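Enquirer: This structure is in structure tokens; I'll ask about it shortly.
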Amino acid sequence: MILRRILLAIAALLATAAWLACVHWMTGLERKAPPYLDIDLEKVPAGSPKFYTFQGTPLVLLRTTDAILDDLRTQTIHTWNQRPMPAGRPSFFVYSLVNPSDGCEVEHSPNGADRYAPARPWQGGYYDPCRFGEWDYAGRAIKQYADQDPQLLRMPDLDVPDFEFREQHILRITGVPQR
């Protein structure tokens, strides 16, 4: 009697598992990552980077402060491309944390941290642990020394992912740079 109940319970479990497997196979109920990443800008504190991963790519979002933007404007002369900060006060920067030239993941280096070229105070940004390279909080590649050979040591800026705004405070990342 007990053996019969045990066998019936096992049969019921096997039938349920078979039914679930069939439904999964027929409907493709695999868990798929959404084709976008929504970031609520109101939940990101200003002044410090927040890190994300989307489609296997590490990303960073930095909500700016007036002090960060003022510093970035003074650092423009030390960037490879000399791209100025946009007029007004951009509220954030978002970019991939993968060095576009070698594919190495770059790492955060906060204000005052040691850096490759200690002649100038470091205001914060990112560095490539695989290769000699630094980027500021706007994702611009930094010249460490004024006499660096641009043919040998020039770095590209960090790549900006595809994004759009949803509502007024939701940033939707829709794609990442492919290398």
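The values are calculated or read from the model by the stated rules, or taken from the named source; none is laboratory data. These figures come from a predicted structure and were not determined experimentally. Positions of Cβ are backbone-derived with ideal geometry, glycine not excepted, and every protein chain shown enters the neighbour counts. Ligands, DNA and RNA are stripped out before the accessible areas are found, and what is left, the full protein with its side chains, is counted by its heavy atoms. Shrake-Rupley method; radii C 1.70, N 1.55, O 1.52, S 1.80 Å.
Enquirer: Name the long-range amide H neighbours of Y36: under 5 Å, sequence gap of 5 or more, or other chain; modelled H, no Pro or chain starts.
Expert: Close amide H contacts, sequence-distant or interchain: none at all.
Enquirer: Additional query: In nm, what is the difference between 0.36 nm times the number of residues separating Q151 and R172 and their Cα-Cα distance?
Expert: 3.9 nm
Enquirer: If you don't mind, another one. So if R0 is 22 Å, what FRET efficiency would D114 and R89 give, r being the distance between their Cβ atoms, rounded to the nearest 0.05?
Expert: 0.15
Enquirer: Please give me the summed charge of the neighbours of D162: other residues whose Cβ is under 14 Å from its Cβ, Lys and Arg +1, Asp and Glu -1. Please list the in-between numbers first.
Expert: Values: positive: R166, R172; negative: D38, D159, E164.
Neighbourhood net charge equals -1.
Enquirer: Considering only the other residues whose Cβ falls under 9 Å of the Cβ of P129, what net charge follows from Lys and Arg at +1 and Asp and Glu at -1?
Expert: On the way: positive: R131; negative: E105, E107, D128.
Net local charge, P129 excluded: -2.
Enquirer: Angle between the Cα long axis of helix 66-75 and the longest principal axis of the chain, 0 to 90 degrees, nearest 10?
Expert: Between the helix axis and the principal axis of the chain, the angle is about 60 degrees.
Enquirer: I need the semi-axes of the equivalent ellipsoid of the chain: take the C-alpha gyration tensor, multiply each eigenvalue by 5, square-root it, list largest first in whole angstrom.
Expert: 49, 19, 15
Enquirer: Same structure, new question: With all protein chains present and a 1.4 Å probe, how do W19, W122 order by accessible area, largest first?
Expert: Working: W19 155, W122 20 Å².
Largest to smallest exposure gives the sequence W19, W122.
Enquirer: Here's another thing I want to ask about it. With every protein chain left in place, what is the accessible area per residue of the chain in square angstrom, probe 1.4 Å?
Expert: Using a 1.4 Å probe on heavy atoms only, each residue of the chain averages 62 Å².
Enquirer: Using a cut-off of 15 Å between beta-carbons, work out the net charge of the residues near Y145 (Lys and Arg +1, Asp and Glu -1, Y145 not included).
Expert: Summing Lys and Arg as +1 and Asp and Glu as -1 gives +1.
Enquirer: How high is the relative contact order of segment 62-179, given as a whole-number percent (alpha carbon pairs under 8 Å, six or more residues apart)?
Expert: Reported relative contact order: 24 percent.
Enquirer: Expressed as an acute angle from 0 to 90° and rounded to the nearest 10, what is the orientation of the C-alpha long axis of helix 2-27 relative to the principal long axis of the chain?
Expert: On a 0 to 90 degree scale, this one is about 50.
Enquirer: Under the Karplus relation 6.51 cos²θ - 1.76 cosθ + 1.60, θ = phi - 60°, what is the ordered set of whole-Hz ³J(HN,Hα) values for segment 125-140, x standing for Gly and Pro?
Expert: Ordered by residue, 3J(HN,Hα) equals x, 9, 9, 9, x, 8, 8, 5, x, 9, 9, 7, 5, 8, x, 8 Hz.
Enquirer: Please give the calculated 222 nm ellipticity per residue for the chain, where each DSSP H segment of at least 4 residues contributes -39500 (n - 2.57) and the sum is spread over every residue; nearest 500 deg cm²/dmol? Before the final figure, lay out each step's value.
Expert: Values: 3 runs with 40 residues, N = 179.
My calculation for the chain gives -7000 deg cm²/dmol from helical runs alone.
Enquirer: By accessible area of protein heavy atoms, probe 1.4 Å, what ranking do K43, K50, K143 get, highest first?
Expert: Largest accessible area first, the residues go K43, K50, K143.
Enquirer: Still on this structure, please answer the following. Keeping all protein chains in the complex and leaving out DNA, RNA and ligands, what accessible area do you get for T65 with a 1.4 Å probe, in Å² to the nearest 10?
Expert: Spelled out: T65, probe radius 1.4 Å, area about 40 Å².
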